[in-house]
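Accompanying notes for the structure given below.
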Amino acid sequence: MEQGAIEPKGTADIDNSSSYKKIIIVAAIAAGIQFGWALQLSLLTPYVQQLGVSHTWSAFIWLCGPLSGLIVQPTVGYYSDRCTSRFGRRRPFIVAGAISVAAAVFLIGFAADIGHSLGDQLTKPTKPRAVAIFVVGFWVLDVANNMLQGPCRALLADMSCSNQKKMRVANGFFSFFMGVGNVLGYAAGSNSSLYKLLPFTITKACDAYCANLKTCFLIDIVLLLTITTAAVLLVSERPYENAIDNETEPFFGQLCGALKRLSKPMWVLLLVTALNWIGWFPFIMYDTDWMGAEVYGGKPQGTPEQEKNYDLGVRAGALGLMVNSFVLGFTALGIEPISRVVGGLRWVWGIVNVVLAICMGCTVAVTKAAEKWRAVHGGLALPPPGVKGGAFAIFAILGVPLSVTYSVPFALASIFSLSSNAGQGLSLGILNLFIVIPQFFVSAVSGPLDAALGGGNLPAFVMGGIAAAVSAVCAMFLLPDPPPETHVAVTMGAGH
């Protein structure tokens, strides 16, 4: 519920005495959600290339994330506000989302096996049936994750019962469990022997890499369904009646009206956010592929030695993402005091965007150093400690700007919404549009750009670095300071 908003008549109340224990149980769902996100980010781009989809075309599969973020979250949030089910307004969506995630994860993990049983030939580089099943599972997974995450956050807000302290604590726990899920997911992705826990996952159509991915996703299914079951059984909602009174305009009508009423500071915020995500998304899509192909010199489909190097690089990238998650979590605790030291949130955001731009440039230096090493010591030589250390340093340092990206824009949107006649919930929905639209742009152009400039990930990374630098300038010199009397706690945001 928006700050200061009046709860509509007939609201399905959560018990006003909702304990922190129950809040923690609901917030823990974030660990299951983020576990799947982490696996998706670290393992699925290499996996789809093993199924025969080229690097250029794999970028288009990622269009589902922005598309589902654009449509699913605001739509599910809108209708969950109006749900009059006897089970409550949030829990039906949470249950449906968790079941959909489990089904999607199963399709992804078993895509190679199902494709082979339907006629894919293992001797051919492309497995079209497996690719089709994978794409369906991938898209369902993104839709289901967005369907699950929004109602979880809304349920936490309901449980807080307009108690601002309890709401901040609830958001803090949600962010904490996001970090837990990230660490668990990246740790699982970096372990190449996890499939030994479930030996049946290795099949004729599914090698060790595939079996490891399959095992990771089966673990995610068990974790998510266990936590979700505990949450829906232990936390109850009272059924809604007449959830929204005197409202005739549909959600998207409200959205368009709010866009027309936005203040200038909010438009600048949206511009900085869009540029910021053009900077981020190339690395988010291709970080582990960069480690496998450019840093370790491997190929997803090549000689056995090249495939081994690629697999080692992907595992190292997943480990780097785990380190990134640790840094992200610790940084989130210090954003407010740091902002007071440097002169405000806009300066924090601008400075870390400079850091993002520098790190994107450093990927070029690390790649060139790795290529020079292989030229001297042989094409299959693994990178030396210095090159590995440089790559891991990039992953670690990027945890700082990523933490700010997940927090400051959301806090500023809440502040600026007060002067734009738009509620905080609707303002954050508009902010989400300017997060996902840049992802459409990057997904559409990164593959052709990389192919036109010789292949690999560096062209998209350089594009991201330029966008991050422009975003930094706009944040520091165009974005106004929020009103000094306004205080909004900065907490980690969420979403892909």
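The values are calculated or read from the model by the stated rules, or taken from the named source; none is laboratory data. If you're wondering where the values come from, they're calculated on a predicted model, not measured in any experiment. When we count neighbours, we look across all protein chains shown, and the Cβ atoms used for this are built from the backbone with ideal geometry, even at glycine. The protein model used for the area step is the full one, side chains on, heavy atoms only, and it has no ligands, DNA or RNA in it. Shrake-Rupley method; radii C 1.70, N 1.55, O 1.52, S 1.80 Å.
By how many nm would the segment from residue 238 to residue 338 lengthen if fully extended, with 0.36 nm per residue of separation less the alpha-carbon distance?
Numbers: separation 100, 0.36 × 100 = 36.00 nm, distance 4.20 nm.
Going from the current span to full extension adds 31.8 nm.
Taking the Cβ-Cβ separation of residue 204 and residue 263 as r and a Förster radius of 56 Å, what is the calculated FRET efficiency to the nearest 0.05? Write down the numbers at each step before the final one.
Values: r = 61 Å, r/R0 = 1.09.
Taking R0 as 56 Å, the efficiency between residue 204 and residue 263 is 0.40.
So how do 191-204, 304-317, 273-286 stack up, highest first, on mean other-Cβ count within 10 Å? Intermediate results must be reported in sequence, preceding the final value.
Details: 191-204: 14.6, 304-317: 20.8, 273-286: 25.4.
In descending order of packing, they fall as 273-286, 304-317, 191-204.
Could you check the simple spin-label distance between residue 192 and residue 441, using points 7 Å along Cα→Cβ, in nm with one decimal?
3.9 nm
Hey, what do the phi angles of the range 136-146 turn into as Karplus ³J(HN,Hα) couplings, whole Hz, using 6.51/-1.76/1.60 and θ = phi - 60°, x for Gly and Pro?
4, x, 5, 5, 4, 4, 5, 4, 5, 4, 5
Over 27 Å between Cα atoms, which of 196/299; 214/299; 124/214; 214/368; 124/308 qualify? Present the calculation step by step, with values, prior to reporting the outcome.
Working: 196/299 24 Å; 214/299 21 Å; 124/214 22 Å; 214/368 34 Å; 124/308 19 Å.
Result: 214/368 exceed 27 Å.
Could you check the simple spin-label distance between residue 230 and residue 358, using points 7 Å along Cα→Cβ, in nm with one decimal?
With each label placed 7 Å out from Cα toward Cβ, I get 4.2 nm.
For the range 283-358, what percent of Cα pairs sit more than 17 Å apart?
Working: 1673 of 2850 pairs.
Here the tail beyond 17 Å accounts for 59 percent of pairs.
Would you check the accessible area of residue 322, probe 1.4 Å, heavy atoms only, in square angstrom rounded to 10?
The value for residue 322 is about 30 Å².
Using a basic spin-label model with each label point 7 Å from the Cα along Cα→Cβ, how many nm lie between residue 393 and residue 99?
Between residue 393 and residue 99, the label points sit 5.2 nm apart.
What does a probe at residue 372 reach in the range 259-297, counting residues whose amide N is under 18 Å from the point 7 Å along Cα→Cβ?
294-297
If you add up the charges near residue 217, with Lys and Arg at +1 and Asp and Glu at -1, over every other residue whose beta carbon is less than 15 angstrom from its beta carbon, what do you get? Each step should come with its number before you reach the end.
Values: positive: 214; negative: 113, 142, 220.
Taking every Cβ under 15 Å from that of residue 217, the sum is -2.
Taking K and R as +1 and D and E as -1, what net charge do the other residues with C-beta under 9 Å from the C-beta of residue 113 add up to? If you can, show how the numbers build up before the last one.
On the way: positive: 204, 214; negative: none.
In short, +2.
R0 = 45 Å: FRET efficiency of residue 380 with residue 85, Cβ-based, nearest 0.05? Display every interim value, and only then the final one.
Values: r = 59 Å, r/R0 = 1.30.
For residue 380 and residue 85, the calculated efficiency is 0.15.
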